[in-house]
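Shown next, in structure tokens, is the structure this report addresses.
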Amino acid sequence: MEVVIRPNAETATELVAQVISRELRDNPRLVMGLATGRTMEAVYARLVQMHRREGLDFSVCHTFNLDEYVGLAGSHRNSYRHYMNHNLFLNVNVDLRNTHLPDGAAADIEAECERYERLIAECGGVDLQLLGIGLAGHLGFNEPASSLRSRTRIKVLSPVTRAQNEPLFVPPHEMPRRAITMGVGTILDARRCLLLATGEDKAEIVARAIEGPVTSMISATALQFHPHCTAVLDEAAAGRLQEADYYRWIFENEPQWQSYRNGSNSPGLDGHPVKPRRRKKEIATVLGGA
Ligand code: GLP
């Protein structure tokens, strides 16, 4: 796993938004896996800004959200469909027919979970999966003791998750006790995973997820198996990492991060950040190589 530590929540968010926008510019048909939660609100706000100011185009991309509360229809103000519509979808030019969340109000939840897995497969799988981390160490709603090979299914929410998310419900006791979530195995199938965590309250669980032993009690530890996973943290969330200096050293020395190191505005000649692929070609030309 790559670990990138940025000075604060704003710069960490910016880097994540830049990675997403670059992937989307490189592949307008990108299949994005999306997450919810407070942390992601700033990412979506920045993507909306990029759409408005820089013409970031969502018109042919597809999105699949990680999860949805059981019992909430998409029209419910506490549903994740509502969250996504208002934080992102209705503010960019995505085709709403290409945006997917599990249907929390489905009569047959098991069939709905199977349908969701099938739909992801039919779209060719997720290219870039955006992830937050809950205080219970979950990805999506893969609560402690979730199988690390699980697929989309229904899960009972843990007391820690309930305590974390209840304040977002009005009234709090209306928060459903269960959710449909992509499984850990579903998440690990994504071609790239991008986890964002900010704030001191995440420091302990982030350290356990990144540096601790792999365990189903913390589903985020499964990311240690993923061949292309980047965890982006602010200094506060990185506060308990043992090897923070090592991760900083890698970030400073890894060529693929060159155009990200000094913030978002390190444009190439065309006004966009230089793509690593093109850089390699340019270097080859300068050196007289093929
Ligand atoms: C919810 C989502 C998770 C997300 C978590 C983080 O529980 N199901 O996918 O990682 O929120 O929440 P926050 O960003 O508010 O800490």
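Select the strands (runs of 3 or more DSSP E) contained entirely in segment 126-221, then report the ones holding at least 2 residues which are over 18 Å from the mean Cα position of the chain (by Cα), closer than 25 Å to ALA111 by Cβ and away from the ligand (no atom under 11 Å from the Cβ). Please lay out each step first, then the result.
On the way: elements: 128-131, 153-156, 178-181, 192-197.
Qualifying strands (runs of 3 or more DSSP E): 153-156.
Taken together, ILE210, ILE205, ILE187, ILE180 contain a single residue that is touching a strand residue (DSSP E or B) at 6+ places or on another chain (Cβ under 9 Å) and within 16 Å of VAL70 (Cα to Cα), which is ILE180.
If you go through segment 88-147 and keep only what is among the hydroxyl-bearing types (Ser, Thr, Tyr) and crowded, with 21+ Cβ neighbours inside 10 Å, you end up with TYR116, SER146.
Among the conditions (1) within 21 Å of ASP127 (Cβ to Cβ); (2) surrounded by fewer than 19 Cβ atoms within 10 Å (Cβ to Cβ), the only one that GLU235 does not satisfy is (1). Condition test on HIS138, is it touching a residue at least 60 places away in the same chain (Cβ under 8 Å), within 24 Å of PRO176 (Cβ to Cβ) and not hydroxyl-bearing (Ser, Thr, Tyr)? Spelling it out, HIS138 is indeed touching a residue at least 60 places away in the same chain (Cβ under 8 Å), within 24 Å of PRO176 (Cβ to Cβ) and not hydroxyl-bearing (Ser, Thr, Tyr). With respect to the conditions (1) surrounded by 14 or more Cβ atoms within 10 Å (Cβ to Cβ); (2) modelled with pLDDT under 95, ALA284 lacks only one, and its number is (1). Name, by its number, the condition in (1) within 22 Å of ASN27 (Cα to Cα); (2) of a type in the set (A, V, I, L, M); (3) over 19 Å from the mean Cα position of the chain (by Cα); (4) within 15 Å of the ligand (Cβ to nearest atom) that does not hold for LEU66. Evaluating LEU66 over (1) within 22 Å of ASN27 (Cα to Cα); (2) of a type in the set (A, V, I, L, M); (3) over 19 Å from the mean Cα position of the chain (by Cα); (4) within 15 Å of the ligand (Cβ to nearest atom) leaves (3) as the failure. Look at segment 164-176: where a residue is in contact (Cβ under 8 Å) with a residue 60 or more places away in the chain and a partner is more than 14 Å from the ligand (Cβ to nearest atom), sitting 6+ places away or on another chain with Cβ atoms under 8 Å, you get PRO176/GLY71.
The values are calculated or read from the model by the stated rules, or taken from the named source; none is laboratory data. Here the structure is a predicted model, which is why all the values come from computation and not from measurement. Reconstructed Cβ throughout: ideal geometry from the backbone, glycine too, with neighbour counts over all protein chains shown.
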